[in-house]
Amino acid sequence: MDPRELYYLNLTRRRFLAASAQTAGAALGVGALSSILGAAPASSSLRAARFPPKARRVIYLHMEGAPSHIDLWDYKPALRQRFDQDLPDSIRQGQRLTGMTSGQSRFPVAPSLFRFSRYPNRQDGAWISELMPYTAKLAHELCFVHSMHTEAINHEPAITFFQTGNQQPGRPSFGAWTSYGLGSANHNLPTFAVLITQGFGNMQALSARFWGAGFLPSEHQGCKLRAGGDPVLYLRDPAGVTREDRRALLDTVEQLNETEFARTLDPEIRSRVEQAEMAYRMQMSVPELTDFSSESEATLEMYGPDVKKPGSFAANCLLARRLAERGVRFIQLYMRGWDAHNNLPSEIRAQSKAVDQPQAALLADLRQRGLLDDTLVLWAGEFGRTVYSQGALSQTNYGRDHHPRCFSVWMAGGGIQPGISYGKTDDYAYNIVENPVEVHDLHATMLELLGLDHEQLTYRSQGRDFRLTDVSGKVIREWIA
Amino acid sequence: MDRVKFALLALALASCSTSAPSPLAVQQAPAPEPAQASLYQGRIAPILAERCGTCHGPEKQKGKLALHTPPAILAGGSDGPVIVAGKPKQSELVRRLHLPLADEDHMPPENRPQPSAEEIAALENWIAQGAPFDGGTGAPVPKPAPQNQVTGPLVGPADPAALAALEQAFVHVEKADPTSGLLWVDFAANAPKWSDAELAKLLAPLAPQVAQLGLARTQAGAQTLALARRMPHLERLDLRGTGIADAALAPIAGHARLESLVLARAKLSDASVEVLLGLPKLARVYLWESGVTQAGLARLAQERPKLAIDSGDETNTTALEVEPEPKFTSEAPPPGAAAVPAGAPAAVAVASLEPINSVCPVSGAPVNKKYMIVFEGRVIGFCCNKCPGEFWADPEKFRSKLPAN
């Protein structure tokens, strides 16, 4: 686009409203209607919407560190008779391993220590581990995918791939794309919120770029809400500064920014102004958001005892519901600590205990408030774990290494087919034997549910159009209700 | 660029929905019944018109080819005939349909809507029958619904001043469906501050367009509900957490289209069950902590058995089956030949991963088992990671260095 044209279109909300207040009739009409179709920067709804959306927002429960599909969701009873046998070459097929186990002299099969039960869903039932008793009871709401696979074998590139569609850092994250594609539904809160819970098991680094905006305008990046103290740093005015003072300051700075923008046409100045305005509104909206005092005892109880500990997965699940009901588009929870290379049984027990009741409560709470219909919930790690034991295998202990060839995720709500399982792995939960799903396919399907065509949602950077799904991705119709 | 496009689109929408007949409405006309026409008329001509007609029809004849009349089809284009009666595989038309999408000769061009597999099969079937223009048989294949078809009713453009007022008040407005003029309006931001009167005032001009209305946690009451009753396309109404009472809800009774109603955390009594029963299209209702008692819920369930009622009751799901206490053994035989599906190519079943050679065929140094490849179904070991590349470059050169079998 001609930069001059861009300049004329780049009216801020403030200027747009000021201008339209002075204008009457037809001119105002076109401006207003076009703004709901995407012209005003702050409400850039429906930038690329092509289908009637089934989901209005996403809650993405990211299990950082990669939980073991074998011990949670992917039931392999036959392995119980293969304890400590060597992983057959016909299964391993010479696939690469990480440096952490490639030097092992043996790859002994470690069956899951945990007992599975079959819970009713809309097919022949879902086998779920005893580690997830609360979630298991909601099997009729969940769409399990047992045949996810990913490109990367280590955390950093695998999370980057799952969040941004590319292993190399620098692309916008899924939440940023959603924010860019759908715009905000509540101008008092960020469109993309990130909540982090510290885990009990082995934890890996968590980079802020996992929720970055990449080359998208930076107002689309995830806003991390902190657990302790102020949820957002420096949001509170210093003592002696009134809200009017703050307003006057912002207005003055904005004038200076406008002058600078007129000179340089740098879009980041616009982002900066947007963010300052957002912060001003968040001074009011965030304290209200994070105040759980209006929640009933029964609700708090449903999320479990940890709900009163800020930053716990339970507290973050409740916060996620509160964000969802306030119209935030993309809410991402990170649960750290699933990287169980050694001592998997004890680590996964603690991890599962921390997430199971809260995540089930979140689903039930969304359901009873009528929010699950249009809220798409995704539960996923960045890859799976190996069937063979890393380190010593005993009847009561084992570890599992990274396994990108297959893993399980589940979704619920927001136009997803409830109560089904999709895809299958072999008897060792090592290779996919039916309906493999790429990360790009998952992204494409989720965008479709949000009313966005993954091939149309593009952004031009450095001379070419980029997509979340890069040059891949197919929508999986079987998942869509 | 997007913004310009959308501004134009807005103008286009505004003009087309007021002028009749609307081009969007035409799409909804039912497809001709194939059973009464010949195969060509009923099935083939519509496919050719839809998939090829823009460039090879009455208006344009790219490559001097037109496909909209029988003589034109038989005449072919500048490259000669496009169909060989009775021989689909030799017909240029079919050949081009099957070329890879990226191929320059593929038709329709890559950026155009592509025919479905059923449509291609129908064309092949027709040519195989001799490409008759009268008669012909073929299982009529139902036409898939075209994407972007207007799914909702057409409504006039929303009142621009009303939209501007909502936007100024930070109320979220979005198209409920990108192809129609229906709106989703949501008061989630600043919800508690919206009074019943203010809500009704802001929404009144948009009553014809609102299809989904989020009033959760606002002070919505009788005025807003009376207005909602007059919203002809309202399908989903969210009154969660409004504390709405029987008298305030009552005006919605009799709404002809309402499908989904959220009343969680309202302050109702069983009197409102009557109101719910008076909503003919109601398919889902959320009544958790709404004040409606078990008796009221039971009555609702009894009178409207198909209505999905969510009252937030704990799901008392129990397992269908519980696995016995796991015991670990090593009894099972390792998967052998049986694991390989019958009929799989023999080369896949490498019996052993032991290399057949003990010295590297390239260097002559001892084999290191870290560096192995499968060549002609046999596992060959090398001394280092450089040698396999050299081997693959010209396997024949090293064949003599390998053990005979």
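Listing for the model above:
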quantity: Positions within the range B:174-224 being among the acidic types (D, E) and buried (at least 19 other Cβ atoms within 10 Å of the Cβ), in sequence order; calculated: B:E174, B:D177, B:D186, B:D196
quantity: Positions within the range A:95-113 being without any contact (Cβ under 8 Å) to a residue 60 or more places away in the chain, under 33 Å from the mean Cα position of the chain (by Cα) and farther than 13 Å from A:H403 by Cα, in sequence order; calculated: A:P111, A:S112
quantity: The listed residue being surrounded by fewer than 24 Cβ atoms within 10 Å (Cβ to Cβ) and either over 20 Å from the mean Cα position of the chain (by Cα) or within 26 Å of A:F330 (Cα to Cα) (or both), out of A:G399, A:G419, A:G370; calculated: A:G419
quantity: Entirely in the range A:299-413, the strands (runs of 3 or more DSSP E) that have 3 or more residues that are within 14 Å of another protein chain (Cβ to nearest Cβ); calculated: A:384-389
quantity: Qualifying residue in the range B:323-338 (condition: assigned to a strand (DSSP E or B), facing chain A (nearest Cβ under 8 Å) and either modelled with pLDDT of 95 or more or under 30 Å from A:N431 (Cα atoms) (or both)); calculated: no
quantity: Residue under evaluation B:R96, criteria (1) modelled with pLDDT of 85 or more; (2) crowded, with 16+ Cβ neighbours inside 10 Å; (3) under 30 Å from A:E455 (Cβ atoms), criterion not met; calculated: (2)
quantity: Enumeration of residues in the range A:167-183 that are in a helix (DSSP H, G or I) and closer than 12 Å to A:L468 by Cα; calculated: A:F174, A:G175, A:A176, A:W177, A:T178, A:Y180, A:G181
quantity: Qualifying residues in the range B:374-401 (those that are touching a helix residue (DSSP H, G or I) at 6+ places or on another chain (Cβ under 9 Å) and surrounded by fewer than 17 Cβ atoms within 10 Å (Cβ to Cβ)) - the one modelled with the lowest pLDDT; calculated: B:G377
quantity: Tally, over the range A:81-109, of residues that are more than 9 Å from chain B (Cβ to nearest Cβ) and among the hydrophobic types (A, V, I, L, M, F, W, C); calculated: 4
quantity: Residues that are closer than 12 Å to A:Q395 by Cα, of a type in the set (A, V, I, L, M) and part of a loop (DSSP other than H, G, I, E, B), drawn from the range A:96-115; calculated: A:A110, A:L113
quantity: Residues of the range A:249-288 classified as among the aromatic types (F, W, Y) and either exposed (fewer than 14 other Cβ atoms within 10 Å of the Cβ) or within 14 Å of A:S218 (Cβ to Cβ) (or both), total; calculated: 0
quantity: Any chance A:Q462 is at positive phi and polar (S, T, N, Q); calculated: yes
quantity: Any hit, the range A:111-120, residues being out of contact with any strand residue (DSSP E or B) (no Cβ under 6 Å at 6 or more places or on another chain), at pLDDT 85 or above and more than 9 Å from chain B (Cβ to nearest Cβ); calculated: no
quantity: Top-ranked residue in the range B:170-190 [being at pLDDT 90 or above and part of a strand (DSSP E or B); ranked as farthest from the other protein chains (Cβ to nearest Cβ)]; calculated: B:V185
quantity: Criterion (touching a Leu at 6+ places or on another chain (Cβ under 6 Å), surrounded by 15 or more Cβ atoms within 10 Å (Cβ to Cβ) and assigned by TED's automatic domain parsing to the domain that holds A:M63) met by exactly one of A:L225, A:L216; calculated: A:L225
quantity: Sole residue being assigned to a loop (DSSP other than H, G, I, E, B), surrounded by 24 or more Cβ atoms within 10 Å (Cβ to Cβ) and either out of contact with any Pro (no Cβ under 9 Å at 6 or more places or on another chain) or among the basic types (K, R) (or both), chosen from A:P190, A:P238; calculated: A:P190
quantity: Criterion: assigned to a helix (DSSP H, G or I), within 22 Å of A:R369 (Cβ to Cβ) and either out of contact with any strand residue (DSSP E or B) (no Cβ under 8 Å at 6 or more places or on another chain) or within 13 Å of another protein chain (Cβ to nearest Cβ) (or both) - qualifying residue of B:G312, B:G296, B:G241; calculated: B:G296
quantity: Pair list, Cβ < 9 Å and 6+ apart or interchain, from the range B:170-183 residues that are under 13 Å from B:Q209 (Cα atoms) to residues that are part of a strand (DSSP E or B) and charged (D, E, K, R); calculated: B:V173/B:D186; B:E174/B:D186; B:A176/B:R236; B:G181/B:K175; B:L182/B:K175; B:L183/B:E174; B:L183/B:K175
quantity: Qualifying residues in the range A:122-145 (those that are part of a loop (DSSP other than H, G, I, E, B) and within 16 Å of A:V377 (Cβ to Cβ)) - the one farthest from the chain's Cα centre (by Cα); calculated: A:K137
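The values are calculated or read from the model by the stated rules, or taken from the named source; none is laboratory data. For clarity, every value in this text was computed on a predicted model and none was experimentally measured. Quick reminder, even Gly has a Cβ in these numbers, built from the backbone with ideal geometry, and neighbours come from all protein chains shown.
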